[in-house]
Amino acid sequence: MIDSIEKSTKYILYTLTMTKENELSQYEDKILKLKEKMDQNPDSTVIEHKYFLAKMRYDQLKRTTQELLELDREILYKKRFRQISNLEVS
């Protein structure tokens with residue numbers, strides 16, 4: 001039972017991580033394009049505002065992705081620890 005829950009959790013975690021990494025890549029491109037537009041049109045506050053919003057979202061996505069990867073490592077560590085504990089008890 002625990003194994004099936006772990007597999008489901010790992011799959012959901014993997015899917016979320018891949019989605020966030022994809023979104024992160026899209027925001028990197030968006031930031032570069034907005035930066036170019038800002039260089040071409042330095043007086044546009046609309047482009048500047050869009051750039052800073054995209055940058056904030058990018059930073060948020062980066063943190064979320066890192067936290068998902070950390071959670072994945074933590075789950076793996078706990079699983080290994082439980083396996084080692086089970087071997088010692090046997």
Worksheet item: Somewhere in the stretch 56-72, is a residue out of contact with any helix residue (DSSP H, G or I) (no Cβ under 8 Å at 6 or more places or on another chain), closer than 16 Å to Thr9 by Cβ and modelled with pLDDT under 95?
Response: yes
Discussion item. Can you tell me how many residues within the stretch 1-31 are in a helix (DSSP H, G or I) and over 17 Å from Gln60 (Cα atoms)?
Written reply: 14
Fill in: Residue ID - nearest to the chain's Cα centre (by Cα), chosen from residues in the stretch 1-32 that are hydroxyl-bearing (Ser, Thr, Tyr) and open to solvent by 80 Å² or more (accessible area, probe 1.4 Å)
Tyr14
Practice prompt. Take the residues in the stretch 69-81 that are surrounded by 12 or more Cβ atoms within 10 Å (Cβ to Cβ) and out of contact with any Phe, Trp or Tyr (no Cβ under 9 Å at 6 or more places or on another chain), then tell me which one is nearest to Thr17 (Cα to Cα).
Written response: Leu69
Worksheet item: In this structure, does Lys37 turn out to be charged (D, E, K, R), out of contact with any strand residue (DSSP E or B) (no Cβ under 6 Å at 6 or more places or on another chain), surrounded by 12 or more Cβ atoms within 10 Å (Cβ to Cβ) and farther than 17 Å from Leu76 by Cβ?
Response: yes
Item to complete: Scan the stretch 44-64 and report the pairs whose first residue is open to solvent by 60 Å² or more (accessible area, probe 1.4 Å) and whose second residue is assigned to a helix (DSSP H, G or I), with Cβ atoms within less than 8 Å and a gap of 6+ or a chain change.
Response: Glu48/Met38; Lys50/Leu34; Lys55/Ile31; Arg57/Tyr27; Lys62/Leu24
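The values are calculated or read from the model by the stated rules, or taken from the named source; none is laboratory data. All values reported here derive from a predicted model rather than from experimental measurement. Note: ideal-geometry Cβ built from the backbone for every residue, glycine included; neighbour counts use all protein chains shown. Only protein heavy atoms, including side chains, enter the accessible area calculation; ligands, DNA and RNA are left aside. Shrake-Rupley method; radii C 1.70, N 1.55, O 1.52, S 1.80 Å.
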